[in-house]
Structures are given as structure tokens and as C-alpha cells.
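The values are calculated or read from the model by the stated rules, or taken from the named source; none is laboratory data. None of the values given here were measured: they were computed from a predicted structure. Cβ: placed from backbone, ideal geometry, glycine included. Neighbour counts: every protein chain shown. Side chains are part of the model used for accessible areas, which takes the heavy atoms of the whole protein and leaves out ligands, DNA and RNA. Shrake-Rupley method; radii C 1.70, N 1.55, O 1.52, S 1.80 Å.
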Amino acid sequence: MKPLWIIKIGGNVIDNPEALDSFLKDFSALDGAKVLIHGGGKIATQIAKGLGVETQMVNGRRITDAEMLKIVTMVYGGLVNKNVVAKLQANGTNAIGMTGADGNVIKAIKRPVKEVDFGFVGDLTETSINDTTLSQILEAGLIPVFAALTHDGNGQILNTNADTIASALAVGLSSRYETKLIYCFEKNGVLTDINNDDSVIAKINPAYFEELTQQGIIADGMLPKLQNAFAAISNGVKEVYIGNAGKLSDINQGKDFGTCLSL
Ligand SMILES: Nc1ncnc2c1ncn2[C@@H]1O[C@H](COP(=O)(O)OP(=O)(O)O)[C@@H](O)[C@H]1O
Ligand SMILES: CC(=O)N[C@@H](CCC(=O)OP(=O)(O)O)C(=O)O
């Protein structure tokens with residue numbers, strides 16, 4: 001099987017023009033087929049604030065009412081996605097900006113209302129990823145760049161966490177490609193001390209993850225990120241890493257990169 005890089009870029013890198021330019025240059029230099037997924041939660045929150053719309057997050061997920069859905073569609077699908085695509089084109093990468101609705105490649109279901117009504121938030125299932133159309137796009141030599149948006153097949157756009165999209169794409173494409181999933185963000189990896197970028201945990205398995213979570217060492221956005229990462233490695237993805245967006249070139253050169261997940 002051919003190798004395929006599935007790379008997720010975090011919100012703090014998207015928000016930092018120098019870090020973003022440097023990351024996109026390194027991403028462009030990666031050999032072979034690749035897919036990029038971006039968030040942009042921080043920018044959406046800033047723009048919503050400017051428009052007088054308050055942001056509410058529960059368990060790392062944005063409560064997305066009709067007004068917030070308009071904002072995230074504009075910000076993720078428009079502003080962020082088109083800027084990233086244009087910058088990749090400037091690096092000689094033939095990127096194509098996408099949401100899950102484009103080419104019907106990611107279908108989600110609106111999160112059912114339980115204790116919390118998340119509004120227009122999409123959850124992914126085993127059948128969400130249209131690997132046939134995606135592989136046609138990849139075989140045409142295009143580089144898909146996904147915003148954190150999916151659809152329900154009935155005309156409704158849904159806001160969907162970018163880490164979850166990355167994991168689902170890696171799993172969904174693993175029957176056709178040897179997929180490597182890389183979560184890039186602003187820190188060197190999963191850290192034992194969040195204030196010390198040298199405290200990277202080189203390898204983490206589910207038991208160690210459990211232990212670190214109990215100790216409060218893994219918290220906030222890192223919790224769902226690791227859950228998504230373990231879901232990928234348990235479902236056919238060959239390699240999963242979490243590390244610094246500024247060091248992506250290391251992985252291309254076969255050097256150690258951030259935290260490596262194992263079962
Ligand atoms: N043990 C840890 N190691 C590294 N980061 C951690 C850890 N625990 C919590 N975090 C937090 O998790 C954040 C990453 O999650 P998130 O903001 O959702 O990622 P992204 O930037 O990819 O969207 C880091 O910026 C950091 O503040
Ligand atoms: C449902 C939900 O919470 N969606 C996320 C999508 C963006 C995202 O994942 O952005 P980061 O990767 O930068 O966090 C949100 O709106 O914040």
C-alpha cells in the first residue's frame with residue numbers, strides 16, 4: 001500500500017503567521033500523498049466576540065447555535081481554509097480546500113441532545129468517510145485541505161472538531177493507504193510538565209494515558225486529542241504522533257518526533 005500523511009494543524013499555529021508559514025513550507029516538502037486538516041477555534045472565538053456573539057465550550061466542544069454556525073462556516077470554510085490553500089499554492093503544493101460537504105466526502109450526524117444541546121455539531125461514524133472519492137482526489141495529485149466542517153446529507157452544515165476529522169480520515173483511508181496521523185501543535189509533544197517543553201513523553205500507551213489523566217498531567221484539549229489519537233491507532237492507522245508544528249521536517253527525515261502512540 002502507498003503511504004499517506006494525514007496532518008492536523010492546531011489553532012495556535014494557525015493564529016501565528018510566522019509559525020504557519022514555516023509549517024506550510026515543511027508540509028509542502030513532505031514526500032508523497034498527504035491531507036491537511038485545520039481547526040481555527042481561537043480565530044472563530046475572536047471574530048464571534050467582535051460580532052457580539054459569545055462563545056460557550058463544553059468538554060472542548062463549541063455550542064453551535066444558528067448564529068455561531070454562520071460564523072464558523074465563514075471563518076473555517078472561508079477565511080482560514082482559503083488562506084491556507086493560497087499559501088500552499090505559493091509553496092508549489094496543489095492544494096484543494098474542502099469541507100465534508102464538498103464531494104460528499106464526510107457525512108456526519110447532528111449530535112443528539114442529552115444533558116447538553118450542542119446545536120449544529122456533527123459526530124462521525126464508521127461510515128462517515130467517503131474513501132472512494134477521496135482516493136480519486138489524491139490519485140489526481142491534489143492535496144485536500146479540510147476545514148472543521150461536515151454535512152448531514154440533507155443540506156445541513158455541521159461544526160466538527162478538527163482532531164476528530166483527522167482521526168476519522170486516517171481510519172477511513174487506512175484500507176487503501178498506509179496512513180500516518182500527525183497532530184501538530186505549538187508544544188513539543190505530550191508533556192509531563194506543561195510549562196517545560198523539554199519534558200516530552202516519547203511513547204504513550206492506553207494504560208500510561210489513563211495514569212497521566214488520573215494525575216491531572218493530561219488535561220484540557222489534550223484529553224480529546226489523545227482519545228482521537230488512540231481511536232486511530234486501534235482502528236488500522238499505522239503510526240500516530242503528537243508534536244511541534246515547527247519540527248515537522250524531522251519526521252520527514254526519519255528523526256524522532258514528539259510523542260509516539262502505541263497500543
Ligand atoms: N500534558 C500536556 N502536554 C501538552 N499539552 C497539554 C497537556 N495537557 C494539556 N495540554 C494542553 O492541550 C493543548 C492542546 O490542545 P488543543 O488546544 O485542543 O490543541 P490544538 O491546538 O491542536 O487545537 C495545549 O496547548 C496545552 O495547553
Ligand atoms: C465542535 C467543535 O468544537 N468544533 C471546533 C472546530 C474547530 C477546531 O477543532 O479547532 P482547533 O483544532 O483549533 O481546536 C470548534 O468550533 O472549536
- Could you look through segment 226-235, keep only residues that are without any contact (Cβ under 8 Å) to a residue 40 or more places away in the chain and within 13 Å of ligand 1 (Cβ to nearest atom), and pick out the one that is most open to solvent (accessible area, probe 1.4 Å)? GLN227
- Looking at THR164, THR213, which is the one that is in a helix (DSSP H, G or I), buried (at least 19 other Cβ atoms within 10 Å of the Cβ) and not aliphatic (A, V, I, L, M)? THR164
- Query: Under the condition of being open to solvent by 50 Å² or more (accessible area, probe 1.4 Å) and without any contact (Cβ under 8 Å) to a residue 24 or more places away in the chain, which residue from segment 198-210 is farthest from ligand 1 (Cβ to nearest atom)?
  - Reply: ALA207
- Hits in segment 112-144 (condition: more than 20 Å from LYS70 (Cα to Cα), of a type in the set (A, V, I, L, M) and not in a loop (DSSP other than H, G, I, E, B)): ILE129, LEU134, ILE137, LEU138, ILE143
- Message: Going by what's in this entry, would ASP198 be described as among the acidic types (Asp, Glu), modelled with pLDDT of 95 or more and farther than 18 Å from HIS38 by Cα?
- Response: yes
- Query: Residue check, ILE43 against (1) without any contact (Cβ under 8 Å) to a residue 60 or more places away in the chain; (2) in contact with a helix residue (DSSP H, G or I) (Cβ under 9 Å, 6 or more places away or on another chain); (3) within 20 Å of VAL116 (Cβ to Cβ), all met but one. Which one?
  - Reply: (3)
- Here are TYR183, TYR208: which of them is under 30 Å from MET74 (Cα atoms) and among the aromatic types (Phe, Trp, Tyr)? TYR183
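Inside segment 41-62, can you point out the residues that are within 11 Å of ligand 1 (Cβ to nearest atom) and open to solvent by 70 Å² or more (accessible area, probe 1.4 Å)?
Step one: filter segment 41-62 for residues within 11 Å of ligand 1 (Cβ to nearest atom), giving 41-42, 57, 60-61.
Result: LYS42, MET57.
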- Message: Let me confirm something: among LEU158, LEU223, which residue is open to solvent by 40 Å² or more (accessible area, probe 1.4 Å) and within 15 Å of ligand 2 (Cβ to nearest atom)?
- Response: LEU223
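Suppose we filter segment 85-111 for residues that are touching a residue at least 60 places away in the same chain (Cβ under 8 Å) and either among the aliphatic types (A, V, I, L, M) or buried (at least 19 other Cβ atoms within 10 Å of the Cβ) (or both); how many remain?
The initial filter retains those residues of segment 85-111 that are touching a residue at least 60 places away in the same chain (Cβ under 8 Å), namely 85, 87-88, 91-93, 100, 106.
Adding the requirement that they be either among the aliphatic types (A, V, I, L, M) or buried (at least 19 other Cβ atoms within 10 Å of the Cβ) (or both) leaves 85, 87-88, 93, 100, 106.
Residues in segment 85-111 being touching a residue at least 60 places away in the same chain (Cβ under 8 Å) and either among the aliphatic types (A, V, I, L, M) or buried (at least 19 other Cβ atoms within 10 Å of the Cβ) (or both): 6 in total.
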- Could you give me the residue pairs with C-beta distances under 6 Å whose first residue belongs to segment 236-263 and is more than 18 Å from ILE37 (Cβ to Cβ) and open to solvent by less than 10 Å² (accessible area, probe 1.4 Å), whose second residue is not aromatic (Phe, Trp, Tyr) and not in a loop (DSSP other than H, G, I, E, B) wherever it lies, and which are 6+ apart or on separate chains? THR259/ILE204; THR259/ILE242
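Could you tell me which of the residues VAL105, VAL121 is within 16 Å of ligand 1 (Cβ to nearest atom) and within 13 Å of HIS151 (Cβ to Cβ)?
The unique qualifying residue is VAL121.
Go through ALA231, ALA245, ALA170, ALA207 for me and flag whichever is out of contact with any strand residue (DSSP E or B) (no Cβ under 7 Å at 6 or more places or on another chain) and within 16 Å of ligand 2 (Cβ to nearest atom).
Numbers: ALA245 fails: out of contact with any strand residue (DSSP E or B) (no Cβ under 7 Å at 6 or more places or on another chain); ALA170 fails: out of contact with any strand residue (DSSP E or B) (no Cβ under 7 Å at 6 or more places or on another chain); ALA207 fails: within 16 Å of ligand 2 (Cβ to nearest atom).
Going through ALA231, ALA245, ALA170, ALA207 in turn, the sole match is ALA231.
Among residues belonging to segment 75-84 that are touching a residue at least 24 places away in the same chain (Cβ under 8 Å) and away from ligand 2 (no atom under 12 Å from the Cβ), point out the one that is least open to solvent (accessible area, probe 1.4 Å). It would help to see each step written out before you state the result.
Residues of segment 75-84 touching a residue at least 24 places away in the same chain (Cβ under 8 Å): 75-77, 79-81, 84.
If we keep only those that are away from ligand 2 (no atom under 12 Å from the Cβ) too, we end up with 79, 84.
On the way: LEU79: 86, VAL84: 4 Å².
Filtering segment 75-84 for residues that are touching a residue at least 24 places away in the same chain (Cβ under 8 Å) and away from ligand 2 (no atom under 12 Å from the Cβ), the one least open to solvent (accessible area, probe 1.4 Å) comes out as VAL84.
Taking the conditions exactly as written (within 16 Å of ligand 1 (Cβ to nearest atom), of a type outside the set (Val, Ile, Thr), open to solvent by less than 50 Å² (accessible area, probe 1.4 Å) and in contact with a helix residue (DSSP H, G or I) (Cβ under 7 Å, 6 or more places away or on another chain)), does ASP131 satisfy them or not?
No.
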